[in-house]
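The structure appears right after this line, and notes come after that.
The values are calculated or read from the model by the stated rules, or taken from the named source; none is laboratory data. The structure presented is a predicted model; accordingly, all values stated were derived computationally and were not measured. Quick reminder, even Gly has a Cβ in these numbers, built from the backbone with ideal geometry, and neighbours come from all protein chains shown.
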Amino acid sequence: MTTALITGATAGIGAAFARRLAADGHNLVLVARDTGRLRAQATELHDRHGIEAEVLTADLSTDAGIEAVEKRLADRVSPVDLLVNNAGFGNKGKYLDVPMADELTMLKVHCEAVLRLTSAAVSGMRERGRGGVVNVASVAAFLPRGTYGASKAWVVQFTQGVAKDLAGTGVRLMALCPGFVRTEFHERAGMGTGNIPGWMWLDADKVVTAALADLARGTSVSVPDPRYKALMGLVKLTPRALLGGVTSRAGRTYGPK
Ligand SMILES: NC(=O)c1ccc[n+]([C@@H]2O[C@H](COP(=O)([O-])OP(=O)(O)OC[C@H]3O[C@@H](n4cnc5c(N)ncnc54)[C@H](OP(=O)(O)O)[C@@H]3O)[C@@H](O)[C@H]2O)c1
């Protein structure tokens with residue numbers, strides 16, 4: 001039996017990882033800010049699957065929160081075999097509509113926390129000769145799209161670089177790049193989603209199934225759906241200036257209301 005630590009475990013993609021990993025018999029460390037929700041989730045997963053689920057309340061936009069999770073990941077007595085850096089959020093609006101403090105919080109959660117937690121996890125994994133890290137990015141990583149896209153591009157570049165540095169050590173890293181997924185993400189950000197066509201929405205459980213299959217295959221960047229694989233193929237062929245115009249207009253329609 002192995003242990004997985006999931007950040008942002010209580011909702012959306014993180015909750016889907018927790019459900020799937022618990023069903024597969026892994027013990028869990030569940031990380032988010034809402035302790036009541038974490039406890040209810042831990043009890044449910046324990047009762048349903050007979051696994052141990054620890055609760056770790058931490059706000060990854062703070063140093064204290066990141067340090068608490070680093071400490072758990074560095075525990076050699078009760079090691080973590082799989083880290084899922086999933087916690088994240090969106091800010092409503094285009095550049096200059098979003099307060100600077102919110103942009104900086106995004107960089108702290110999406111980049112600094114991912115860097116520090118990955119580092120805390122992989123040093124022990126390398127010693128043990130096995131382990132995995134899934135860093136949840138987005139297809140926004142491949143589009144010119146403000147701080148959100150830039151932060152996710154950092155996640156992809158960082159993860160691919162570290163995966164190469166650790167090749168042959170038994171430690172696997174993968175950046176997961178979904179398209180639109182039905183979660184609490186857009187509602188929390190106050191974003192309308194009426195303009196997003198139905199075919200573009202993905203199911204969180206299916207995203208996780210595809211992601212874990214890609215991780216098992218040793219993929220370093222996973223785009224977990226054929227529709228988005230095709231779209232990202234088109235994106236690679238489209239001039240950046242044209243892409244910038246399209247993503248900026250899309251930001252205007254489903255971003256600020
Ligand atoms: N939904 C999409 O369309 C989509 C597409 C591509 C990529 N993604 C990425 O997927 C990841 C998960 O998003 P989601 O759609 O599943 O969002 P979600 O349903 O809103 O869930 C977000 C989770 O992160 C936690 N969280 C948020 N801020 C946190 C913080 N400062 N510290 C600790 N935990 C925090 C939340 O719990 P608490 O509020 O209790 O902390 C919650 O468990 C994000 O990185 C997002 O960028 C989402």
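Restricting attention to region 51-86, and to residues there that are over 21 Å from Phe17 (Cα atoms) and not small (Gly, Ala, Ser), which single residue is farthest from the chain's Cα centre (by Cα)? Per the stated criteria, the residue is Val77. Within region 6-29, being near the ligand (Cβ under 6 Å from one of its atoms) and either more than 12 Å from the chain's Cα centre (by Cα) or closer than 16 Å to Asp47 by Cα (or both) holds for one residue alone: Thr10. Looking across region 123-145, the residues that are closer than 29 Å to Ala74 by Cα and part of a loop (DSSP other than H, G, I, E, B) come down to Gly129, Arg130, Ala137, Ser138. Only one of the numbered conditions (1) within 8 Å of the ligand (Cβ to nearest atom); (2) surrounded by fewer than 20 Cβ atoms within 10 Å (Cβ to Cβ); (3) within 17 Å of the chain's Cα centre (by Cα) is not met by Glu112, and that is (1). For Ala9, the conditions (1) free of Cβ contacts under 8 Å to residues at least 12 places away in the same chain; (2) small (Gly, Ala, Ser); (3) not in a helix (DSSP H, G or I) are fulfilled apart from (1). Is it the case that region 25-36 has a residue that's out of contact with any Asp or Glu (no Cβ under 8 Å at 6 or more places or on another chain), farther than 26 Å from Cys177 by Cα and free of Cβ contacts under 8 Å to residues at least 60 places away in the same chain? Yes: one or more hits.
Each row is one residue, and each column tells you yes or no for (1) within 8 Å of the ligand (Cβ to nearest atom); (2) among the hydrophobic types (A, V, I, L, M, F, W, C); (3) on the phi > 0 side of the Ramachandran plot.
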site: Ile66; (1), (2), (3): no, yes, no
site: Lys71; (1), (2), (3): no, no, no
site: Asn86; (1), (2), (3): yes, no, no
site: Asn91; (1), (2), (3): no, no, no
site: Lys94; (1), (2), (3): no, no, no
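Looking across region 156-170 at every residue that is in contact with a helix residue (DSSP H, G or I) (Cβ under 8 Å, 6 or more places away or on another chain) and over 15 Å from Asn85 (Cα atoms), the one that is nearest to the ligand (Cβ to nearest atom) is identified as Leu166. Cβ-Cβ distances below 7 Å connect the following pairs, each with a first residue in region 219-238 that is closer than 13 Å to Asn135 by Cα and in contact (Cβ under 8 Å) with a residue 60 or more places away in the chain, a second residue that is of a type in the set (D, E, K, R) and surrounded by fewer than 17 Cβ atoms within 10 Å (Cβ to Cβ), and a separation of six or more residues or different chains: Val223/Lys229. From (1) more than 10 Å from the ligand (Cβ to nearest atom); (2) hydrophobic (A, V, I, L, M, F, W, C); (3) at pLDDT 95 or above; (4) buried (at least 19 other Cβ atoms within 10 Å of the Cβ), pick out the condition that doesn't hold for Ala141. So Ala141 meets the others, but not (1).
Please work out which residue is modelled with the highest pLDDT, limiting yourself to region 82-94 and to residues that are surrounded by fewer than 19 Cβ atoms within 10 Å (Cβ to Cβ) and more than 21 Å from Val156 (Cα to Cα). Residue satisfying both the conditions and the ranking: Lys92. Total residues in region 183-208 satisfying the condition of being in contact (Cβ under 8 Å) with a residue 60 or more places away in the chain and of a type outside the set (S, T, N, Q): the figure is 13. Of the residues Ala40, Ala64, Ala22, Ala53, the single one that is surrounded by fewer than 16 Cβ atoms within 10 Å (Cβ to Cβ) and farther than 20 Å from Val114 by Cα is Ala40. Taken over region 144-165, the residue count meeting the criterion of being surrounded by fewer than 19 Cβ atoms within 10 Å (Cβ to Cβ), more than 19 Å from Ala216 (Cβ to Cβ) and touching a strand residue (DSSP E or B) at 6+ places or on another chain (Cβ under 8 Å) is 1. In the condition set (1) under 29 Å from Phe180 (Cβ atoms); (2) without any contact (Cβ under 8 Å) to a residue 40 or more places away in the chain, Ala64 is compliant with all but (1).
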